[in-house]
1. Considering only residues that are of a type in the set (Val, Ile, Thr) and crowded, with 16+ Cβ neighbours inside 10 Å, look in the stretch 40-64 and name the one that is farthest from Ala16 (Cα to Cα).
2. Given (1) modelled with pLDDT of 95 or more; (2) touching a Ser or Thr at 6+ places or on another chain (Cβ under 9 Å); (3) more than 19 Å from Thr10 (Cα to Cα); (4) surrounded by 15 or more Cβ atoms within 10 Å (Cβ to Cβ), where does Val36 come up short, assuming only one miss?
3. Within the stretch 65-79, is there a residue that is exposed (fewer than 15 other Cβ atoms within 10 Å of the Cβ), modelled with pLDDT of 95 or more and outside any loop (DSSP other than H, G, I, E, B)?
4. Being touching a Gly at 6+ places or on another chain (Cβ under 7 Å), more than 12 Å from Val79 (Cα to Cα) and either of a type in the set (Val, Ile, Thr) or at pLDDT 90 or above (or both) narrows it down to one residue among Thr31, Thr24; which is it?
5. Across the stretch 28-66, what is the total count of residues that are β-branched (Val, Ile, Thr) and in contact (Cβ under 8 Å) with a residue 24 or more places away in the chain?
6. If the Cβ limit is 8 Å and pairs must be 6+ apart or interchain, which residue in the stretch 2-27 that is more than 21 Å from Asn71 (Cα to Cα) pairs with which residue that is surrounded by 10 or more Cβ atoms within 10 Å (Cβ to Cβ) and at pLDDT 90 or above?
7. Tell me, which residue of the stretch 15-33 that is of a type in the set (Val, Ile, Thr) and surrounded by 13 or more Cβ atoms within 10 Å (Cβ to Cβ) is farthest from Phe83 (Cα to Cα)?
Amino acid sequence: MATTKVSDQTRSAIDAQVFVASTTVTFTSLTRAIYVGTTGNLSVKFDSAGSTVTITNAPVGYHPLQVEVINGDSTVADVVALF
C-alpha cells in the first residue's frame, strides 16, 4: 500500500466527498469509510492489490472500506466517501 494514501484510522473523519452515480471517482487518499444511503451494488478498487470488488446489495449504512476508487457501474445511491 502506498504510504502517501494511507488514512489514519484512529481518528474520526475529517473530510467527505459525495459520489455521483455513473461516474468513476479516484481519490487522492484512501477512504476511512463509505456511507451508502440507498441499497445497491458497490463496485470499488482497493489500493493494496489493485483488485476490484463488487459488493452486491450493499445495505444502507457505514462500510469501513479503505478504497482508492468507486467505480461508475455502482448502483448504490446517496453515497458519501469519508476521509
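The values are calculated or read from the model by the stated rules, or taken from the named source; none is laboratory data. Just so you know, these numbers come straight off a predicted model, no measurement behind them. Note that we place each Cβ from the backbone using ideal geometry, even for glycine, and neighbour counts take in every protein chain shown.
1. Among those that are of a type in the set (Val, Ile, Thr) and crowded, with 16+ Cβ neighbours inside 10 Å, it is Ile55.
2. (2)
3. Yes, there is a match, as at least one residue in the stretch 65-79 is exposed (fewer than 15 other Cβ atoms within 10 Å of the Cβ), modelled with pLDDT of 95 or more and outside any loop (DSSP other than H, G, I, E, B).
4. Details: Thr31 fails: touching a Gly at 6+ places or on another chain (Cβ under 7 Å).
Result: Thr24 is the single residue among Thr31, Thr24 that is touching a Gly at 6+ places or on another chain (Cβ under 7 Å), more than 12 Å from Val79 (Cα to Cα) and either of a type in the set (Val, Ile, Thr) or at pLDDT 90 or above (or both).
5. 7
6. Gln9/Arg32; Gln9/Gln66; Ala13/Arg32; Ala13/Ala33; Ala13/Leu82; Ala13/Phe83; Ile14/Phe83
7. My answer is Thr24.
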